[in-house]
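Chemist: Here it is, the structure in full.
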Amino acid sequence: MQKLGIVNYFGAIVNFAGKTVTMAELEARKLHHDYTDLFTRAVQPALWLLIVGPVLASIRAIPTGKLPYLDFMAPGILAQSVLFISIFYGIATIWERDLGIVHKFLATPTPRSALVMGKALSAGERGLAQAVIVYVLALGLNVHLSWNIVNLLLVFVVIMLGSALFSTFSLIIACLVKTRERFMGMGQVLTNPLFFASNAIYPIAIMPGWLQVISQINPLTYEVDALRALMIMDGTSMYGIPFDLLFLVVAIGINVAIAAKLYPRIVI
């Protein structure tokens, strides 16, 4: 009986994973049919790395220790790109609601959490595309990137986690506001505070005390911290990469649980 229970449990996990991957594949097809979104999304990191970064580096006003400023900034801009793509991911769900697609998903026996995780995985694909863009730009600016294979694989993991985190957060917002107009307003309100209340473009140590407190609970801070240690040749992590990953995983788990609970409400 115990072995049968283990087999059933393992089968349930495999079934859940299969449905999650199927949802992710369905979402990824949208990207494969239209790559223009990737090129338009490349504009923002290009502006930051090619214009803002060199200007801030030239005035030497931001203390970054032994790291050149562009080396310090590149991981933050990658995290910013992932954030800006993922945080608006929920608007696609509102479109699907209007087209009746969400109703069809909810009519299937697929667990709501698998639907949410499938969307999170597909957001990761877009995040990885942004990583390629940022790496190419960073190479052109002579940023000292680490090409250690383990580091590159962990960068892949961090980007997937960051994309999953903010896309599921986006889905929660979509389920609450339910209209495209409100969602766009909420997205604009949330992205810039998340970005500027993190260590993406300046160290936490130079922030005012109240902003340092906020940055400590900002998930983007831990994503940037991990990327800075993994992407840059002499990069270091303030909190430790295991803690960064743990923080992101726990935050994703909370988001998935909330989003799965709220997902049916979007059709009401």
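Chemist: Using a 10 Å cut-off around each Cβ, can you sort 236, 108, 168 from fewest to most neighbouring Cβ atoms?
Modeler: 108, 236, 168
Chemist: Hey, another quick one. Would you mind pulling out the separation of the Cα centroids of region 53-74 and region 217-268, in Å?
Modeler: 25
Chemist: Still on this structure, please answer the following. Compute the orientation-averaged projected area for region 184-268 from the convex hull of its Cα atoms and round it to one decimal in nm².
Modeler: 7.1
Chemist: Okay, next question. Over the alpha-carbon set of region 79-210, divide Rg by the Kirkwood Rh and report the Rg/Rh ratio to two decimals.
Modeler: 1.04
Chemist: Now for a separate question. Among 48, 95, 147, which comes first, then next, by fewest other beta-carbon atoms within 10 Å?
Modeler: The fewest-first ordering by Cβ neighbours comes to 147, 95, 48.
Chemist: Using the count of nearby Cβ atoms within 10 Å as a rough guide to exposure, how do 160, 207, 231 rank from fewest to most?
Modeler: 207, 160, 231
Chemist: Restricting attention to the alpha-carbon atoms of region 211-257, what are Rg (one decimal) and Dmax (integer), both in Å?
Modeler: Here Rg and the maximum Cα pair distance are 11.2, 37 Å.
Chemist: Right, here's the next one. What do you get for chymotrypsin sites (Phe, Trp or Tyr not before Pro) in region 197-268 restricted to DSSP loop and a cutoff of at most 15 other Cβ within 10 Å of the site's Cβ?
Modeler: 239
Read the figures in this text as sums done on the coordinates, not as results from a lab. Quantities reported herein were computed from a predicted structural model and do not represent experimental measurements. Neighbour counts run over all protein chains shown; Cβ positions are idealised from the backbone, glycine included.
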